[in-house]
Amino acid sequence: MTMRRPTDDTARLVFGRVELRAADGVILASLAVFSLMAVGGRAVVEGWPLLVARNLCVCAAVLISTAVTPWIRRPLLAFLLRTATVTLSYAYLFSAVAGLQLILHGRFRDDLVLAFEMWLFGVQPTLWIERFITPSLTEWMMFCYVIYIPLYPVLCVILWIKRGEAAAEEYFFTLGLANVLCDVGFILFPVASPMYWMPDQYRVPFHGWVFTWAGELIRTRAHFVGGSLPSPHAAAATVMWFMAWKYYRKAFWVLAPVILSLYVSTFYGRYHYVTDAILGIATAWLALIVAPPLQRAWDRLAGSRLAPTDP
């Protein structure tokens, strides 16, 4: 095992031909912890052997990708493989935590969120906002909610083109921390989300066009019970917006109406409670605060054990 800092100024932990950067460490550590939790909580984790097997497969895929990427001579192609590996791994981590949510509490705690929001607002916001639902507003909200998915990797490619690989890796690493903090939140305080906890209380259906259809497709095919507090949508969107401000200010202003509307779309679309969105934003800021010292710690470790580089 060696550590080296390549010419792109991103510290890498090298095991033979496998080169791990900080974002890879987040992914592999999360897979390891989730697997240990599945084994330790096997009495309540349904299908835990399959979950562990899938985690191992994703781990192997990440290691293979990190081994193959340095051998790709075209920088753009190599970075696209890197982007696909990291973003798909983060998407998998979101699904991997689904079966672990009730390990500590044994049930979802939406009742506490509802009581808190009633005390704070005097109404349940996801019900109160029904009076504003129109097809055009729904289409805009669903656009903002759905566009988050392609924006995830696209912004990374923009940062890579404009500011280089180190900026893109910072984006990857901070997004990873935000995602993992959300995953931990799902376990510490499991919330089913309003669309699963109280679907019978909604009286106004959603009508729209293409993006409304896409939003409903995500609701029925990609979501699961839970994964709600903090909101990963709000957390990741906040990291994206901050990185745009830091590295490409034009993108920050273009994204401003989309990100602000995305926050509202999380509870307008009944995917989350308002509390989820607020804590998602707070989680992103926690990730943004702790990411730099963690990255510096990784870099110091790398600098203390640099391998000789080729002349």
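Read the figures in this text as sums done on the coordinates, not as results from a lab. If you're wondering where the values come from, they're calculated on a predicted model, not measured in any experiment. Here the Cβ positions follow ideal geometry from the backbone for every residue, glycine too, while neighbour counts run over all protein chains shown.
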message: Quick one: the Cα spread of the range 2-304 along its three principal axes, in angstroms, biggest first?
response: 59, 50, 32
- request: Using only the Cα atoms of the range 1-157, build the gyration tensor, take square roots of its eigenvalues as a ≥ b ≥ c, and label the shape rounded, prolate or oblate: rounded if a/c is under 1.5, else prolate if a/b is larger than b/c, else oblate.
  value: oblate
message: Using a Gaussian network model on the chain with a 10 Å cutoff between Cα atoms, which of 74, 107, 300 fluctuates the most?
response: 74
message: Highest mean first, how do 162-168, 287-293 rank when packing is the count of other Cβ atoms within 10 Å averaged over residues?
response: 162-168, 287-293
task: Of the options 34, 164, 142, report the single residue whose Cα projects farthest towards the positive end of the charge dipole of the range 2-304 (beta-carbon charges: Lys, Arg +1; Asp, Glu -1).
output: 164
- request: Sticking with the crude label model, points 7 Å out along Cα→Cβ, report the distance from residue 81 to residue 57 in nm, one decimal please.
  value: 2.1
statement: A chain fully extended from residue 121 to residue 91 at 0.36 nm per residue, minus the present Cα-Cα distance, gains in nm 7.5 nm
message: Connecting C-alpha atoms closer than 10 Å in a GNM of the chain, tell me which of 128, 48, 285 has the biggest fluctuation.
response: 128
message: With the alpha-carbon atoms as the only input, what is the per residue convex hull volume for the range 142-287 in Å³?
response: 102
field: Proxy reagent accessibility, fewest Cβ within 10 Å first, across 207, 223, 272, 233
entry: 207, 223, 233, 272
field: Kyte-Doolittle at least -1.0, axis length at least 18 Å by Cα - qualifying DSSP helices, the chain
entry: 22-40, 48-68, 75-96, 135-163, 165-188, 232-247, 249-268, 274-304
task: Hey, can you grab everything whose amide H is under 5 Å from the amide H of residue 229? Only 5+ residues off in sequence or another chain; H modelled, so Pro and N-termini drop out.
output: 191
task: Return 198, 142 ranked ascending by Cβ neighbour count within 10 Å, so the fewest neighbours appear first.
output: 198, 142
